[in-house]
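The values are calculated or read from the model by the stated rules, or taken from the named source; none is laboratory data. Just so you know, these numbers come straight off a predicted model, no measurement behind them. Note that we place each Cβ from the backbone using ideal geometry, even for glycine, and neighbour counts take in every protein chain shown. These area figures cover heavy atoms from the full protein model, side chains too; ligands, DNA and RNA do not enter into them. Shrake-Rupley method; radii C 1.70, N 1.55, O 1.52, S 1.80 Å.
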Amino acid sequence: MATVEQPDPLLKEDNAGDGNDGVRRRDFLDIAAVSFGVVGVGAVAFPLVNQMAPPADVMALASIEVDLTNIAEGQAIKASWRKQPVFIRNLTQAEIDEANAVDVSGLRDKESLAERTKEGKANWLVTMGVCTHLGCVPTGVVTGENKGDYNGYFCPCHGSHYDTAGRIRKGPAPTNLVVPEFEFLDDSTIRIG
Amino acid sequence: MSFAWAKPYEPKTQLGHWIDQRLPLPRMIYGAVGGGYPVPRNLNYAWNFGVLAGVFLMIQIVTGIVLAMWYNSGIETAFASTEHIMRDVNAGWFLRYAHANGASFFFIVVYIHIFRGLFYGSYKAPRELVWMLGLVVYLLMMATAFMGYVLPWGQMSYWGAQVITGFFSAFPVVGEPLRVWLLGGYAPDQAALTRFFSLHYLMPFVIAGVVILKTWALHIPGSSNPTGVDVKTEKDTLPFHPFYTAKDGWFVLAFLMVYVAVTFFLPNALGHPDNYIEANPLATPAHIVPEWYFWPFYAILRAFTVDFILPAKLWGVLAMFASILLLFFLPWLDRSPVRSGHYRPLFKVFFMIFIADIILLGICGVMPAEQPWVFLSQIGTLYYFAHFLIILPLISKLEKPLPLPDSISKSVLHGEEAESAPYGLAKA
Ligand code: FES
């Protein structure tokens, strides 16, 4: 069978652009298809990655109110906020003095007690009950538990010692116990979060 | 596949031919673990652990699938469903103990396999990728084992999850958001438990996939051997089947006897009693320890106690990750052309010290973070890195290796020609 040389109509169209700007119709189609594909993959990947983030119900637990009337001086309680323990301690005058007697510039995480509490309410120390090392719950809230070398909290996991202001004094934890965002609604109620 | 004298696959039946032309799977198996795969004839028992690791992967997958039929991954029900398996499900206690101890024995097998590779230089050219794929399997195993340990939702499960995801928070800026993203919350909770279950079920199949790649890469140059000398002639090899199928077979049975004995008589010896207490997010156990196979790494993590440019916590985490990632570079850190430790007098000594160092780190990892253990884990960590970064490169320069045998067959057969003839070819 003889083959007839016939110009391919598509090729002809492709080449038609050559004289003008060097962009072939095929190039445009390639770029458009790839871009469309990339956007599509991204649009599918985002929800797949984002579904791992905390869901709405977890975020909805973002604030709690705590009544302080039953916490006597020198006592502490554990509250639960965002499924994590929060330590609320009513410091004694001796503990406040102990915390203030420390030279702040010599600390690993330089913060004074005043910076960690609300004005005029220096006795209310509210901190996360989560060791800043790897997240264990330090002991020292319940009377009789180990309070560590600095009379505050002690983390049994890798031996971090916190002082009466919840500041890291010894051990592997890099920072002080975190003070969550909180405010006094009235003299005996706080809202955390 | 690899050597010219490898026996080609010949289907024996009509059906065999029919299948071979359409799906040459039997041909592939024959060439991979059958009579068509020539293996050095001098392999010792240290070479049995690769196949054994495959057996344990199978045991874990099979026991895991049936456990998943009863396990419930809700935070309120996970602990109870585990106890339900132990008490009420028919043979549930056996299946769970088999799975839990199976994980430990899988690690025992893999550790012996890794140390075999370290001593005999199995990681050297041309098997670098075999070694690296093996490390990928090891990393996947660690992730799988960690997530599996979280599933019963006991105290060690919960606090292990808290501490291990806490590693990520050590990284500046991205660390904490990353941790929250991984957990799907601010602390381990329902979201974390369910995703760990999902991934724990998935990972073994990913491992199986990597194992296939690893076996493929291994079969290009073929197995290494205790002399480290390359295979030269047909005299140096035996077909995998029946020789190594028989040897592996009997060894698998012997090893399984140990595993079964522990599973039946000491089922909790390798676990931690605190994991029989249900998870309590508000109280940490007095002494958190990971499973035994993580102890050396846990010691490295805790060895850093002072800030130096970066916080101590970040150093610990970086060192722990680095201690494993370092192994990927081993083929280029140990430049000695001699593979086998048998012919490397200096290497042999330092290899023993290295083993002692790992054991020391393991002990430090299980001990509380107090002196002298902190100090010892610092020494141990320092030596671990020195072994790979300083000692190995140095001894490969300084050491004068012993003379290598001319060939594998010479080394094993002491010149007895008749015995060294390949299977089936000896002149009567
Ligand atoms: S988690 Fe508290 S010291 Fe490590």
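Before moving on, here are some points about what is shown:
- Pair list, Cβ under 7 Å, 6 or more apart: the stretch B:221-250 residue closer than 15 Å to B:Gly50 by Cα, other residue β-branched (Val, Ile, Thr): B:Gly222/B:Val39; B:Gly222/B:Val231; B:Ser223/B:Val39; B:Asn225/B:Ile408; B:Phe240/B:Val33; B:Phe240/B:Val39; B:Tyr244/B:Val39; B:Asp248/B:Val51
- Whichever residue in the stretch A:69-81 is in contact (Cβ under 8 Å) with a residue 40 or more places away in the chain and either in contact with a Cys (Cβ under 7 Å, 6 or more places away or on another chain) or not in a strand (DSSP E or B) (or both) and, among such residues, is nearest to the other protein chains (Cβ to nearest Cβ): A:Gln75
- Among the residues of the stretch B:361-405, those identified as within 29 Å of B:Ala286 (Cα to Cα) and open to solvent by 50 Å² or more (accessible area, probe 1.4 Å) are B:Ile363, B:Met367, B:Glu370, B:Gln371, B:Pro372, B:Trp373, B:Phe375, B:Leu376, B:Gln378, B:Ile379, B:Leu382.
- Selection count where residues are under 17 Å from A:Ser160 (Cβ atoms) and among the hydrophobic types (A, V, I, L, M, F, W, C), scope the stretch A:100-120: 2
- Among the residues of the stretch B:181-196, those identified as over 20 Å from A:Thr132 (Cβ atoms) and surrounded by fewer than 20 Cβ atoms within 10 Å (Cβ to Cβ) are B:Gln190, B:Thr194, B:Arg195.
- Test result for A:Lys118, away from the ligand (no atom under 16 Å from the Cβ) and open to solvent by 50 Å² or more (accessible area, probe 1.4 Å): yes
- From the list A:Thr132, A:Thr139, the lone residue that is touching a strand residue (DSSP E or B) at 6+ places or on another chain (Cβ under 6 Å), within 16 Å of the ligand (Cβ to nearest atom) and over 19 Å from A:Asp187 (Cβ atoms) is A:Thr139.
- Conditions (1) within 12 Å of chain B (Cβ to nearest Cβ); (2) within 21 Å of B:Thr305 (Cβ to Cβ); number of the one not met by A:Phe87: (2)
- A:Asp163 vs. criteria touching a helix residue (DSSP H, G or I) at 6+ places or on another chain (Cβ under 7 Å) and within 16 Å of the ligand (Cβ to nearest atom): yes
- The sole residue among B:Gly35, B:Gly64, B:Gly31, B:Gly50 that is in contact (Cβ under 8 Å) with a residue 60 or more places away in the chain and not in a helix (DSSP H, G or I) is B:Gly35.
- In the stretch B:285-305, the residues that are of a type in the set (Ser, Thr, Tyr) and either modelled with pLDDT under 85 or in contact with a Leu (Cβ under 8 Å, 6 or more places away or on another chain) (or both): B:Thr305
- When the helices (runs of 4 or more DSSP H) confined to the stretch B:244-343 are screened for residues that are more than 25 Å from B:Trp47 (Cα to Cα) and open to solvent by 60 Å² or more (accessible area, probe 1.4 Å), those reaching at least 2 such residues are found at B:245-265, B:312-325.
- Neighbours by Cβ (under 6 Å, 6+ apart or cross-chain): first from the stretch A:122-148, more than 10 Å from chain B (Cβ to nearest Cβ) and open to solvent by less than 20 Å² (accessible area, probe 1.4 Å); second more than 14 Å from the ligand (Cβ to nearest atom) and among the charged types (D, E, K, R): A:Leu125/A:Arg89; A:Gly140/A:Lys147
- Some residue of the stretch B:67-88 being within 15 Å of B:Thr263 (Cβ to Cβ), open to solvent by 20 Å² or more (accessible area, probe 1.4 Å), part of a helix (DSSP H, G or I) and of a type in the set (A, V, I, L, M): yes
- Condition broken by B:His200, with the remaining ones in (1) modelled with pLDDT under 95; (2) surrounded by 18 or more Cβ atoms within 10 Å (Cβ to Cβ) satisfied: (1)
- Residue match in the stretch A:60-69 (condition: modelled with pLDDT under 90 and in contact with a helix residue (DSSP H, G or I) (Cβ under 9 Å, 6 or more places away or on another chain)): no
- Strands (runs of 3 or more DSSP E) wholly inside the stretch A:82-192 containing at least 3 residues that are over 30 Å from B:Pro368 (Cβ atoms): A:182-186, A:189-192
- Taking the conditions (1) touching a residue at least 40 places away in the same chain (Cβ under 8 Å); (2) open to solvent by 50 Å² or more (accessible area, probe 1.4 Å) in turn, A:Met59 satisfies each one other than (1).
- In the stretch B:345-404, counting only helices (runs of 4 or more DSSP H) that sit wholly within it, the ones holding 1 or more residues that are under 23 Å from A:Pro156 (Cβ atoms) span B:345-366, B:373-386.
- Among the residues examined, B:Leu282 does not qualify as within 14 Å of chain A (Cβ to nearest Cβ) and either in contact (Cβ under 8 Å) with a residue 40 or more places away in the chain or among the charged types (D, E, K, R) (or both).
- Matching residues in the stretch B:341-377 - criterion: being within 14 Å of chain A (Cβ to nearest Cβ) and touching a Ser or Thr at 6+ places or on another chain (Cβ under 8 Å): B:Cys364, B:Gly365, B:Val374
- Test: residue in the stretch B:217-233 that is of a type in the set (Gly, Ala, Ser), away from the ligand (no atom under 16 Å from the Cβ), away from chain A (no Cβ under 14 Å) and part of a helix (DSSP H, G or I): yes
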